[in-house]
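The values are calculated or read from the model by the stated rules, or taken from the named source; none is laboratory data. Bear in mind that the values here come from a model prediction, so they are computed numbers and not experimental data. Note: ideal-geometry Cβ built from the backbone for every residue, glycine included; neighbour counts use all protein chains shown.
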Amino acid sequence: MRIFKIVSLFVLLGLSCIPSLAAEECANIRLTAKVRPTAKRGILAGNGHAKLTVILRNKDAVEGLNIKISLPSSLSVVRTTTRPRTPYVLPYAVENLEETAIYWSDIDFARRNRRKLFHVKVQADDCAPKQLEINALAYLANATTTHCTVPLSKPEVLNIRYAESKRTTTCVPTPAPSINLAEPFVPFGLGQRCAEASRLAPFGDRRLQEHLERGRLQDNTRVISARARHLQGIDTPQQCYEYCSLNGGAPAPFFFNWNTVASECLCCAGECTLIRDPAFDAFKVIVAHKNISGNPLLAESFYDGQESGATSICADDSGNSYITGYFFQKFSVGDVTLKGKGYADIFVYKINPRGGIMWARSFGAKNSAAGGSSIAVDTSGNSYVTGFFQGVMIVGVTILTPGSEQNVFVFKLDSGGQVVWAKNFGTIGIPYGQSIAVDLSGNSYTTGPFEETMPVGNTTLTAVGLQDFFVIKLDSTGSPVWAKSFGSNLDDMGLGITVDASDNSFITGFFSGNMSVGNTTLPIIGSQDIYMIKLNSTGEPVWAQNFGGTGEPQGNSIVVDASGNSYTTGFFYGLLNVGDIRFLSFSNAIFLIKLDSTGNPVWAKNFTSVGTAEGNGIAVDAFENSYITGEFNGNLSVGSFSLTAPERQAMCLLKLDPTGNPIWAQNYGGSVSSSGTGIDVDSSGNVYNAGSFEGDMEVGSATLTSPGVKSPYIIKLGP
């Protein structure tokens, strides 16, 4: 039984240079480069490899820096890496007839006198000229212009050698693509917008470059059809800017340019490939096929030699993410080092969409223990955290004194990480807050277990059995609105809670005996059952549902969509009956159950492993796609996908469509072990995942390292 589950990329199209502003407005940075092997030695055409390293040094703090490395078209990219590897920033590749450009966007240097290395491994083709020049530049960008451009101090030269058998090779230039001006343009996908004037049209069969998956360029021999385009009649640069800025509610476009020669507007918010059309001396914007396994945009870990773990993550509408968990002794988050007060302490930190640390806070009790179990964020960027503490804990100016050996805490931080208020509950036993949610008015909802009695404001909750679970609603000032408890005559737990737009709350967990919920009695099916309960805004039960079988299933997390359908994940073994659906697993397996707004099953899915598997967290997007994170060992089967764990257990990420069919399944895993505990999805469809790992963990081209102990990881995936 689980008790405590401890960029903006801007590219100028068709322009040969990028203008700079006055030097006094710009940070002091410098770019140098080196190539191995040296120019004197060179590499062999056809199969020779070279390693280019561009070194970026800053004397001033700077945010949002962009890096471009320009490679001649005779060089293909084999792999890219960066040092230091975290925060991990996903590069983009842009290919035209003359060059391949690699872009890293939104690089932050919070401190002076730092450096970052960008490595690119390249291979020369059979027809590469004898000498190739490699260049790079750094710059800042906004929606309409670039500035503070810093070129490479000296371009690097790569010499090419030829094998005897290649000397007679005839290299024919690539013919210009054919143009079909009559081919129509139609919209492509939600949030994936391309705008082009009528003069450009699709053209045929050329190699495209997509996202850099694990640092390697992936060839795609399929050109997007005409249905992947959108024709827009735009006649002026101002209309182009306005059109691209609107962007259909999606984030700011990655690409924007007005071509003065052809009077064409180009903008794109998505994964884009740019290809030069020689017939019109202009560039085309092509939306690339999406990688169905989810593209890593960001990966971070924080290792300080002591055990620590992330238990929960949430994201706000601006793409900032908030993480809580626990640490022992000390915990370094970027340039901030948090020092513990007790045996174990709580951490809370906020990162921006690029992975930069915005603030970090710690809370604990001297000579005792505390941990953060769950975090939620409201529409104003205030964060709400729950968990447990022992001993006396100071939160801001509030001193929390436990009424028993261990207490529940709930505290609120403003958008800058400052304490707004803090509350604690408990007088007997070891109650704790397991999960928290917040509604549109800033009211918070918390669930967890308690024993015997627990006063909450003017209400005293009394347990029916050995251990019951509570649901507490606090207003935006931290004052109790209502408190409810439910349970059987045995052990029961509240493990997950969520709230909808009408302030109805949904709770899941497990119970071990017949349990009354309002006028409904849930009869126990096995020795332990899953439950789902819906309460209205005043805490009165709307409906209650339970599922069980021969094992001891457990609901760990619950979420609700805009239509009032709820989604619950956890684990089971043996038989599990969900309406007319029956699952069988001889070891712990992941389940996902969707109920409609009245509590009736819509569908249910299970995912089994040769070893064991468990669903720990769940999220749902605006299109009713659901996302699960958890852990498994052995081999996990998810539809047609098969995931393999390393030495012990591995984290997993699953995406399912509205009917419960797998869209993708992913595990990055630590070389020793890893576990996914928290997951969220923002309004743009980006997925945020947090958990813990030990060993080495590869995410894209980033390698996160935590030797010997567990450390938190944070992963952000594109839609």
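Scanning segment 103-161 for residues that are among the hydroxyl-bearing types (S, T, Y) and either part of a strand (DSSP E or B) or not assigned by TED's automatic domain parsing to the domain that holds R41 (or both) yields Y103, S105, Y139, T146, T149. Take D696 and tell me if it is charged (D, E, K, R) and under 16 Å from the mean Cα position of the chain (by Cα). The answer is no for D696.
S527: within 30 Å of the chain's Cα centre (by Cα) and either surrounded by fewer than 24 Cβ atoms within 10 Å (Cβ to Cβ) or closer than 15 Å to G615 by Cβ (or both), yes or no?
Working: within 30 Å of the chain's Cα centre (by Cα): no; either surrounded by fewer than 24 Cβ atoms within 10 Å (Cβ to Cβ) or closer than 15 Å to G615 by Cβ (or both): yes.
No: the conditions fail for S527.
Counting only strands (runs of 3 or more DSSP E) that sit wholly inside segment 379-490, those with at least 2 residues that are of a type in the set (S, T, Y) and touching an Asp or Glu at 6+ places or on another chain (Cβ under 9 Å) are 383-389, 444-450. For segment 97-149, the candidate set comprises residues that are within 15 Å of V78 (Cα to Cα) and hydrophobic (A, V, I, L, M, F, W, C); within that set, the residue that is modelled with the lowest pLDDT is A101.
Residues checked against (1) at pLDDT 80 or above; (2) touching a Leu at 6+ places or on another chain (Cβ under 9 Å):
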position	(1), (2)
A22	no, no
R36	yes, yes
L56	yes, yes
A61	yes, no
I67	yes, yes
P72	yes, yes
S76	yes, yes
Y92	no, yes
E95	no, yes
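Does at least one position in segment 493-502 carry a residue that is in a loop (DSSP other than H, G, I, E, B) and within 26 Å of the chain's Cα centre (by Cα)? Yes: one or more hits.
Annotation: of all residues in segment 404-416 being in contact with a strand residue (DSSP E or B) (Cβ under 8 Å, 6 or more places away or on another chain) and surrounded by fewer than 16 Cβ atoms within 10 Å (Cβ to Cβ), the one that is nearest to V471 (Cα to Cα) is D414.
Mind checking whether some residue in segment 686-702 is in contact with a Phe, Trp or Tyr (Cβ under 7 Å, 6 or more places away or on another chain) and part of a loop (DSSP other than H, G, I, E, B)? Within segment 686-702, one or more residues are in contact with a Phe, Trp or Tyr (Cβ under 7 Å, 6 or more places away or on another chain) and part of a loop (DSSP other than H, G, I, E, B).
Applying the condition of being part of a loop (DSSP other than H, G, I, E, B) and among the charged types (D, E, K, R) to segment 592-634 and asking which residue is modelled with the highest pLDDT yields D596. Considered as a group, the residues in segment 470-492 that are under 20 Å from Q554 (Cα atoms) and of a type outside the set (A, V, I, L, M, F, W, C) include one that is nearest to the chain's Cα centre (by Cα), and that residue is D492.
Here are V559, V578: which of them is aliphatic (A, V, I, L, M) and touching a Pro at 6+ places or on another chain (Cβ under 6 Å)? I'd like the intermediate steps shown before the answer.
Working: V559 fails: touching a Pro at 6+ places or on another chain (Cβ under 6 Å).
One residue alone meets the criteria, V578.
Of all residues in segment 328-347, which are part of a loop (DSSP other than H, G, I, E, B), touching a Lys or Arg at 6+ places or on another chain (Cβ under 7 Å) and within 19 Å of G391 (Cα to Cα)?
Applying the first criterion (part of a loop (DSSP other than H, G, I, E, B)) to segment 328-347 yields 328-329, 334-335, 340-343.
With the extra rule that they be touching a Lys or Arg at 6+ places or on another chain (Cβ under 7 Å), the set shrinks to 335, 340-342.
Of everything in segment 328-347, those that are part of a loop (DSSP other than H, G, I, E, B), touching a Lys or Arg at 6+ places or on another chain (Cβ under 7 Å) and within 19 Å of G391 (Cα to Cα) turn out to be G340, K341, G342.
Scanning segment 514-541 for residues that are of a type in the set (A, V, I, L, M, F, W, C) and out of contact with any Gly (no Cβ under 8 Å at 6 or more places or on another chain) gives V517, L522, I533, L535.
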